[in-house]
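I have placed the structure first, in the form of structure tokens, so that the comments after it can refer back to it.
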Amino acid sequence: MPTVVYLNGQKVDYEDARISIEDRGFLFGDGLYEVVHVYKGRFFHLDRHLARLEQGAKEIYLNLDFGLNNLANICRKAAKESGYDDASVYIQVTRGAAVRQHAFPDNVKCTWLVIARECKGNPPEFYENGIECITVPDERWGRCNIKTVQLLANCIAKEKAKRAGSFEAIFHKGGAVREGSSSNVFIVKDNKLMTHPADNRILNGITRGVVLEMAERKQIEYVEEVFTLDDLFSADEVFLTGTTTEIMPVVKVDGKLIGDGVPGTMTRLIQEEYQKYIDTVDC
């Protein structure tokens, strides 16, 4: 089945999609993006992804001139037309095309893109047996809460993980653990969940929020506070969260075993609850 592409609200063939050479997303990374998971034809919190996109647009003075309801309808249309039960819908919005200058141009329409394709997911054994991570210094800009397309630092970190034979790179600064290059990080200590606060130093992931809501419902103790590399290495359990990562157990970081070196009881519980939750969401 083909990859479905909508550019500026119009369906186009994948091979024929064209964007201006002076698009500010291309020249400056001046844009935002979201990735939404579709399970069995049901969107997993498209509403929350679009709310985050809207908030990010306000932060960077970007007028979403096409309308969020219009975007939501295109996303649903693209996912349905893809024919895939499990799909990934990629959304990107840039400030549009104008003669190159640093200051934002006036009276320019956004470039907005929706791509729907199959979501193949990660190998089942990753969720069953757990994965390895490395840690890397956090050298990103100071507004990680805005989901911009400026991802070079994240890509470099992910490449370092790949070359090390690991699944993910975990950012840290001044000894404090932040998040993964494309995921949020949770640790478990004495049956208590801990994750970095949702401030400007991390992206407040949609799946991260769902896990905290599940913890609240299941009366699992949790805190949102900064934790250190030492806390990470001495944790009973570690897991990652993300739209396509879902709930991913971590059994080794920088070559050091986490806990017993197998996915822990709390991680298994969160995985099970998450899978149940997926079947209840279509919004």
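Just so you know, all these numbers are worked out from the coordinates, no wet-lab data involved. Treat the numbers as computed from the prediction; the structure is a model and nothing was measured. All Cβ positions, even for glycine, are placed from backbone atoms using ideal geometry, and neighbour counts span all protein chains on display.
Given the structure, is GLN101 surrounded by 13 or more Cβ atoms within 10 Å (Cβ to Cβ) and in a loop (DSSP other than H, G, I, E, B)?
Values: surrounded by 13 or more Cβ atoms within 10 Å (Cβ to Cβ): no; in a loop (DSSP other than H, G, I, E, B): yes.
Spelling it out, it is not the case that GLN101 is surrounded by 13 or more Cβ atoms within 10 Å (Cβ to Cβ) and in a loop (DSSP other than H, G, I, E, B).
Which is within 17 Å of the chain's Cα centre (by Cα) and on the phi < 0 side of the Ramachandran plot, of GLU128, GLU139, GLU168? Break it down into steps so the answer makes sense when it comes.
On the way: GLU128 fails: within 17 Å of the chain's Cα centre (by Cα); GLU139 fails: within 17 Å of the chain's Cα centre (by Cα).
Going through GLU128, GLU139, GLU168 in turn, the sole match is GLU168.
A count restricted to region 238-252 and to residues that are within 17 Å of GLU179 (Cβ to Cβ) and either in contact with a helix residue (DSSP H, G or I) (Cβ under 6 Å, 6 or more places away or on another chain) or of a type outside the set (A, V, I, L, M) (or both) stands at 9. The set of residues in region 143-170 being over 20 Å from GLU132 (Cα atoms) and among the hydroxyl-bearing types (Ser, Thr, Tyr) consists of THR148 alone.
Take the conditions (1) surrounded by fewer than 18 Cβ atoms within 10 Å (Cβ to Cβ); (2) of a type in the set (Val, Ile, Thr); (3) within 22 Å of GLY142 (Cβ to Cβ); THR244 misses just one of them, which is (3). Looking across GLY130, GLY67, GLY121, GLY142, one residue alone is farther than 16 Å from VAL4 by Cα and crowded, with 20+ Cβ neighbours inside 10 Å. It is GLY130. The residue of region 243-272 that is farthest from SER166 (Cα to Cα), among those that are hydrophobic (A, V, I, L, M, F, W, C) and part of a strand (DSSP E or B), is ILE247. The condition of being in contact with a His (Cβ under 7 Å, 6 or more places away or on another chain) and closer than 16 Å to ASP138 by Cβ holds for LEU229.
Go through (1) of a type in the set (Asp, Glu); (2) touching a residue at least 60 places away in the same chain (Cβ under 8 Å); (3) over 27 Å from GLN10 (Cα atoms) for GLU179 and report which single condition fails. Answer for GLU179: the failing condition is (2).
With the requirement that a residue be surrounded by fewer than 19 Cβ atoms within 10 Å (Cβ to Cβ) and among the polar types (S, T, N, Q), what does region 205-220 give you? Correct list: GLN219 only.
Any chance region 73-95 includes a residue that's on the phi > 0 side of the Ramachandran plot, loosely packed, with under 14 Cβ neighbours inside 10 Å and in contact with a Ser or Thr (Cβ under 9 Å, 6 or more places away or on another chain)? Taking every residue of region 73-95 in turn, none turns out to be on the phi > 0 side of the Ramachandran plot, loosely packed, with under 14 Cβ neighbours inside 10 Å and in contact with a Ser or Thr (Cβ under 9 Å, 6 or more places away or on another chain). GLN271 fulfils the conditions (1) surrounded by 20 or more Cβ atoms within 10 Å (Cβ to Cβ); (2) farther than 27 Å from PRO137 by Cα; (3) in contact with a strand residue (DSSP E or B) (Cβ under 6 Å, 6 or more places away or on another chain) except for a single criterion, (1). Out of all the residues in region 54-67, is one or more free of Cβ contacts under 8 Å to residues at least 40 places away in the same chain and touching a Leu at 6+ places or on another chain (Cβ under 8 Å)? Within region 54-67, one or more residues are free of Cβ contacts under 8 Å to residues at least 40 places away in the same chain and touching a Leu at 6+ places or on another chain (Cβ under 8 Å).
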